[in-house]
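*Asks:* Got a structure here, written out as structure tokens. Questions coming.
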Amino acid sequence: LTWAPRIGRNDAERNCISNIRPGGLSALEAAQKLAWLLAAAQGLGATGVALKDDMPATPLLSP
């Protein structure tokens, strides 16, 4: 996920959701994290190291 993507952005300006697999992060958990990151990035106007992933334990989406 990258806020205002353009050529030259580096990895520190991106957020990545990984380990989506059985035994790791479920697809639902990944979707919840993505929804949270999108909302937080929009509010902050930035992603990457500027966007701390402090997503609450309570999910935004119900199964």
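*Asks:* Taking segment 6-53 on its own, how many of its residues are surrounded by 11 or more Cβ atoms within 10 Å (Cβ to Cβ) and either of a type in the set (A, V, I, L, M) or more than 13 Å from the chain's Cα centre (by Cα) (or both)?
*Replies:* Residues flagged as surrounded by 11 or more Cβ atoms within 10 Å (Cβ to Cβ) and either of a type in the set (A, V, I, L, M) or more than 13 Å from the chain's Cα centre (by Cα) (or both) within segment 6-53 amount to 20.
*Asks:* Looking at this structure, is T58 at pLDDT below 95 and of a type in the set (V, I, T)?
*Replies:* In short, yes.
*Asks:* Considering each residue of segment 1-55, count those that are in contact with a Gly (Cβ under 7 Å, 6 or more places away or on another chain) and at pLDDT below 95, and give that number.
*Replies:* The number of residues fulfilling the criteria is 0.
The values are calculated or read from the model by the stated rules, or taken from the named source; none is laboratory data. Computed from a predicted structure; not experimentally measured. We place every Cβ from the backbone using ideal geometry, glycine too, and count neighbours over all the protein chains shown.
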